[in-house]
Amino acid sequence: MTALHLIDAFAEGPGTGNPAGVVLLEDAKPVAWMQAVAMEMNQAETAFLQPQGGDFALRWFTPFAEVDLCGHATLAAAHFLWEGGHLPLTTTARFTTRTGWLTATRDALGRITLDFPAIISTRVAGPADLAEVLGVSPVSVQMGDFDLLVEVDDAATVRAMTPNLAAIARWDVRGVLVTAPGDIDQVDFVSRCFFPALGVPEDPVTGSAHCALAIHWAARLERATLTGWQASRRGGMVRCRVRGTRVELAGHAITTLRGELLF
């Protein structure tokens, strides 16, 4: 039988942050099997780990598709390796992925820091129906490696928006990140992230989005160290540090379920 864990990532307590399934494979599995497990889990992403010497191959699947980069499920996977004794607590977790090598480290207080590629976004016109679909008036619209990044005037607009998810799913993008300056203490920016084409209407906390959001706000605020709050229903804090072409994303993880797959 194959063990399965559910882990809340970028979480301040159980039921916060973004839950990810984590599966450690003893042998290679077909893509169709991994996709079936991700559909069964019905989480934003399920991570599949396979040992490769002292490192691990890592793949991520939404209920609908495999994705090229996922932050919260990587953080969950690293937490799983240390918590389960698969790696010593002081050892860096190294993952080979579709986006290249990624690493994670853990400090004495249990905070996990991911080392991810920075995503540079450039100004675009955006879809003609963008304002109507999102129900907001954009300050700027940019396109990164995967997602549209839409800045609006204030955090209240981000929190209140109710976008047309079916229309977003028809756009030729992975998803849409909507962001504004922070409105609470010690938070530099807020965001919400929508990925309906991948079977994730609204993602609770999106690590990969912060690879683009951190770059955007570091330039706007002229600071390399920032804190982002993703204002989903569950909510989650992502602590970011821009280092040239890399972005560090830090947060905590909590295991909420352990079980076994029966297929």
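The values are calculated or read from the model by the stated rules, or taken from the named source; none is laboratory data. As the structure is a prediction and not an experimental result, all values here were calculated from the model. Positions of Cβ are generated from backbone atoms using ideal geometry, with glycine treated the same way; all protein chains shown enter the neighbour counts. Keep in mind that these areas ignore ligands, DNA and RNA; they rest on the heavy atoms of the full protein, side chains included. Shrake-Rupley method; radii C 1.70, N 1.55, O 1.52, S 1.80 Å.
PHE263 satisfies every condition listed in (1) buried (at least 23 other Cβ atoms within 10 Å of the Cβ); (2) aromatic (Phe, Trp, Tyr); (3) farther than 25 Å from GLY13 by Cβ except (1).
If we scan region 210-222, do we find a residue that is without any contact (Cβ under 8 Å) to a residue 24 or more places away in the chain, of a type in the set (A, V, I, L, M) and surrounded by fewer than 20 Cβ atoms within 10 Å (Cβ to Cβ)? Yes; the residues of region 210-222 include at least one that is without any contact (Cβ under 8 Å) to a residue 24 or more places away in the chain, of a type in the set (A, V, I, L, M) and surrounded by fewer than 20 Cβ atoms within 10 Å (Cβ to Cβ). Among the residues of region 142-174, those identified as of a type in the set (Val, Ile, Thr) and farther than 24 Å from CYS70 by Cβ are VAL152, THR157, THR162. Determine, yes or no, whether ARG192 is at pLDDT 95 or above, over 19 Å from VAL124 (Cα atoms), open to solvent by less than 50 Å² (accessible area, probe 1.4 Å) and in a strand (DSSP E or B). Yes; evaluated as a whole, the condition is true for this residue. Taking region 186-232 as the range and being hydroxyl-bearing (Ser, Thr, Tyr) and farther than 21 Å from ALA104 by Cα as the test, the residues that pass are SER191, SER232.
Can you tell me which residue within region 223-242, out of those that are open to solvent by 10 Å² or more (accessible area, probe 1.4 Å) and not in a strand (DSSP E or B), is farthest from THR74 (Cα to Cα)?
In the first step, residues of region 223-242 are kept if they are open to solvent by 10 Å² or more (accessible area, probe 1.4 Å); the result is 223-225, 227, 229, 231-234, 237, 239, 241-242.
The next check asks that each one be not in a strand (DSSP E or B); those that pass are 223-224, 231-234.
Values: ARG223: 25, ALA224: 22, ALA231: 21, SER232: 20, ARG233: 21, ARG234: 19 Å.
Result: ARG223.
Need at least 3 residues that are touching a residue at least 60 places away in the same chain (Cβ under 8 Å) per element, so show me which helices (runs of 4 or more DSSP H) inside region 124-178 make the cut, counting only ones lying wholly within it. Filter on region 124-178 gives 155-160.
When region 235-252 is filtered for residues that are of a type in the set (A, V, I, L, M, F, W, C), under 15 Å from VAL205 (Cα atoms) and either out of contact with any strand residue (DSSP E or B) (no Cβ under 7 Å at 6 or more places or on another chain) or touching a residue at least 60 places away in the same chain (Cβ under 8 Å) (or both), the ones remaining, listed by number, are MET237, VAL238, LEU249, ALA250.
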